[in-house]
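To start, the structure under review is shown below, and the notes come after it.
Read-outs throughout are calculated quantities, based only on the coordinates presented, and are distinct from any laboratory measurement. Quantities reported herein were computed from a predicted structural model and do not represent experimental measurements. Cβ placement follows ideal geometry from the backbone for every residue including glycine, while neighbour counts extend to all protein chains displayed.
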């Protein structure tokens, strides 16, 4: 591990974000002197700080430490159509079981509670549905699944959500 290269990488990423050493240190809970020592290649950030550092610098820990994104080994593949079907299963459960059925209510309550939202709104609003679709796709990517980027580009009506998902695909090495 090349400490000087890591320090240079941190400095480049920090400067690209327009953050001072003091601001970075403050956000992570270390002194600006600690940040300065990292950037000069004198010390490395503590391992417990790396996730927060990567988040603030909008990169990965691998990129900070080795200067490149890690190679992702995908566990499987999914399609946007399958994800849409999965989301529509919730809607269909309400239609088939009844929206007052305890099983349906428990499923909806779980989703709403975990996501701090109202998924039933997605059943009647295309924009909200695409927000849930984007979140479901991102969660699949995070869990190690692969999606064809052209599938993403062809299955969103709203550019905003399409761009978010395409950006995530790129973070996970999908071009």
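Nearest 10 degrees is fine. How inclined is helix 102-115 to the longest principal axis of the chain, computing both from alpha carbons? Long axis of 102-115 versus the principal axis of the chain: about 20 degrees.
Here the chain is treated as an ellipsoid with the same Cα gyration tensor; its semi-axes, largest first and in whole Å, are 40, 19, 14. Compared with the dominant Cα axis of the chain, that is its longest principal axis, helix 126-142 is turned about 50°. Exposure proxy for 117, 48: other Cβ atoms within 10 Å of each Cβ, ordered fewest to most, give 48, 117. Taking a ≥ b ≥ c as the square roots of the eigenvalues of the Cα gyration tensor, the range 112-175 is oblate, since a/c reaches 1.5 or more and a/b is not larger than b/c.
Going by alpha carbons, how many degrees (0 to 90, nearest 10) lie between the helix axis of 3-16 and the longest principal axis of the chain? Here the helix axis deviates by roughly 60 degrees.
For every helix of n ≥ 4 consecutive DSSP H residues, a contribution of -39,500 (n - 2.57) applies; sum these over the chain, divide by its total residues, and give [θ] at 222 nm rounded to the nearest 500 deg cm²/dmol. Value at 222 nm, helices only: -19500 deg cm²/dmol. Which of rounded, prolate or oblate describes the range 3-66 when judged by the alpha-carbon gyration tensor and an a/c cut-off of 1.5? Here the range 3-66 falls in the rounded category.
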